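Everything on this sheet refers to the single structure shown next.
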Amino acid sequence: MSYPKHLAVIMDGNGRWARKHGLPRTEGHAKGIRVADDLAHWSADRGIRYLTLYTFSTENWKRPEQEVRFLFTMMIDYLQKRLPEMVREGLRMRFIGRRGQLGSELNQFCEYIEDSTSKGSRLDLLIALNYGGRAEIVDAARKIVANTKDPEAIDSETIAAHLYAPDVPDPDLIIRTSGEYRISNFLLWQGAYSELCFTSTLWPEFTEDEFQSILDDYSRRQRRYGSITEDDGPE
Ligand code: IPE
Ligand code: IPE
Ligand code: MG
């Protein structure tokens, strides 16, 4: 059974889940963060090494200020509370995204979480916060232009080496919940050959059973990367 080494998830549908239950959107986010925490456990238990969670996009600033503030405050409170356990569980947390726009307080908090969990070796948990795939490529281009005089020397490896977490392998599988069939600016470079899974389940209702069936489906897929395999028939 081959499971993804790196799983990435677009956790969508918190607001619709709340509406369905007659609750404010914030309740959807509160339930959603607990499911994200569960997913980290389900993933580590199955030997997945890297988990990237799309938590806040560069476009999510378009939301009402109150919702944005709630999302950041909730994340800080949650991580603060869970930190000792996360360290015990061997989680290594990192934040990917445009850190500069987050403000110094939030930046310091991110650094504190990263430093405190830096020894974790069971699961690398990457939190995509103020993350946009296009912004990431723009940021990489800026760094490359600042350091390179010879445009001919730039290749795919150069770009990959200047992304936010260059040591992390590309995601093998990207899951999106809530029935939307789009990537919404997530891991545009790294996802070039990722397997995709779209489920109509709203994120707060995502369960371990569904997770397992998605992994089972993934393990039956054949990845070709543009090549052909014996199963594709004779020449
Ligand atoms: C995902 O759920 C969480 C974030 C984008 C922060 P949404 O808040 O987008 O939920 P829907 O899509 O409105 O249901
Ligand atoms: C994608 O969800 C971003 C996150 C899950 C953090 P959105 O709800 O922002 O995506 P769109 O607007 O439906 O494309
Ligand atoms: Mg959404």
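The values are calculated or read from the model by the stated rules, or taken from the named source; none is laboratory data. Keep in mind that what you see is a predicted model, and the values were worked out from it rather than measured. So basically every Cβ, Gly included, is an ideal-geometry build from the backbone, and we count neighbours across all protein chains shown. All accessible areas refer to the heavy atoms of the entire protein, side chains included, with ligands and DNA or RNA removed. Shrake-Rupley method; radii C 1.70, N 1.55, O 1.52, S 1.80 Å.
Where does the chain land at 222 nm, in deg cm²/dmol rounded to the nearest 500, when only DSSP H runs of n ≥ 4 count, each adding -39500 (n - 2.57), divided by all residues?
-13500 deg cm²/dmol
Between I137 and E235, what length in nm is gained on full extension when 0.36 nm per residue of separation is reduced by their alpha carbon distance?
In short, 31.4 nm is gained.
Using the Cα centre as the reference, give the magnitude of the dipole from point charges on the C-beta atoms of region 6-220 (Lys, Arg: +1; Asp, Glu: -1; all else neutral), rounded to the nearest 20 debye. Don't skip to the end; give the middle numbers.
Values: 27 positive and 33 negative charges, 129 e Å.
Computed charge dipole of region 6-220: roughly 620 debye.
Describe numerically, in nm with one decimal, the distance between label points set 7 Å from Cα along Cα→Cβ at A161 and at K62.
The modelled label-to-label distance comes out at 3.6 nm.
What do you get for GluC sites (Glu not before Pro) in region 9-111 restricted to DSSP loop and a cutoff of at most 14 other Cβ within 10 Å of the site's Cβ?
Values: sites: E27, E59, E65, E67, E85, E89, E105, E111; in loops: E59, E89.
Sites meeting the loop and neighbour criteria: E59.
When the chain is fully extended, how far beyond the present Cα-Cα distance does E105 get from D45, taking 0.36 nm per residue of separation?
Values: separation 60, 0.36 × 60 = 21.60 nm, distance 3.33 nm.
Length difference between fully extended and current span is 18.3 nm.
Please work out, to two decimal places, the log10 of the ratio I(q)/I(0) at q = 0.12, 0.16, 0.18 Å⁻¹ from a Debye calculation in which every Cα of region 100-235 carries one identical scatterer.
-0.71, -1.15, -1.30
Ignoring ligands, DNA and RNA, what percent of the accessible area of the chain is carbon or sulfur (1.4 Å)?
Carbon with sulfur: 50 percent of the solvent-accessible area.
For region 52-123, which trypsin sites (Lys or Arg not before Pro) pass both filters: DSSP loop (anything but H, G, I, E, B) and at most 16 other C-beta atoms within 10 Å?
Answer in residue order: R98, K119, R122.
I'd like to know how region 6-220 sits against the 2.2 N^0.38 Å rule of thumb: what's its Cα Rg over that expected value?
Ratio of Rg to 2.2 N^0.38 Å for region 6-220: 1.02.
Relative contact order for the chain using alpha-carbon pairs under 8 Å, separation at least 6, rounded to a whole percent?
28 percent
Considering only protein heavy atoms, what per residue accessible area in square angstrom results for the chain with a 1.4 angstrom probe?
54 Å²
In the chain, once you exclude exposed chymotrypsin sites (Phe, Trp or Tyr not before Pro) (DSSP loop, at most 14 other Cβ within 10 angstrom), what's the longest stretch remaining?
Longest gap between qualifying sites, sites excluded: 1-180.
For each pair in K20/K81; K81/K119; K31/K62, compute the distance between the two Cα atoms and list the pairs where it is over 25 Å.
Over 25 Å apart, Cα to Cα: K20/K81.
Of the candidates L215, L23, L196, which one comes out as most mobile in a Gaussian network treatment of the chain with C-alpha springs shorter than 10 Å?
Result: L23 has the largest fluctuation of those listed.
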